[in-house]
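All remarks here apply to the structure that follows.
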Amino acid sequence: MSQNEPVSVHILDREYTVGVEPAERDSLTAAARMLDARMREIRGSNRMAAVDRVAVLAALNLAHELQLVRDELARQQQRFQSTLDGLNRRLDGALDDGH
């Protein structure tokens, strides 16, 4: 069983400590940088914007992007499966013709 280690990340000038497996440390810090950048973009020059509102909007934007990626992956998997099915049919046909 892997041991989680504490990792400090900074998001909108606040520090958060998160437990993460050593192999996932770089990925977590990259995600924190992405979230920080997105929240800063949403907050813009309005330093008085409520942090919870900024966080929810950032989370919604990132979740939407994730859903778009998942949808595209599903379309690619469907195209791959369709191509594979077609190749299998052609192979079966070629094998049947050879016998």
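The values are calculated or read from the model by the stated rules, or taken from the named source; none is laboratory data. Note that this is a predicted model, so its numbers are computed, not measured. For the accessible areas, the whole protein counts, side chains as well, though only heavy atoms, and no ligand, DNA or RNA atoms are used. Shrake-Rupley method; radii C 1.70, N 1.55, O 1.52, S 1.80 Å.
Secondary-structure-derived ellipticity at 222 nm for the chain, considering helices only, amounts to -24500 deg cm²/dmol, per-run term -39500 (n - 2.57) for DSSP H runs with n ≥ 4.
Counted residue by residue at 0.36 nm each, then reduced by the alpha carbon distance between them, the extension gain from R33 to N88 reaches 15.3 nm.
Solvent exposure of the chain, expressed per residue, is 81 Å² of accessible area, with all protein chains present and a 1.4 angstrom probe.
Close amide H contacts of V20 (hydrogens built in the peptide plane, cut-off under 5 Å, sequence separation of 5 or more or a different chain): E5, V7.
Split the accessible area of the chain by element, probe 1.4 Å, and carbon with sulfur accounts for 54%. With a 1.4 Å probe and all protein chains kept in place, how much accessible area does S8 have, in Å² rounded to the nearest 10? Spelled out: S8, probe radius 1.4 Å, area about 60 Å².
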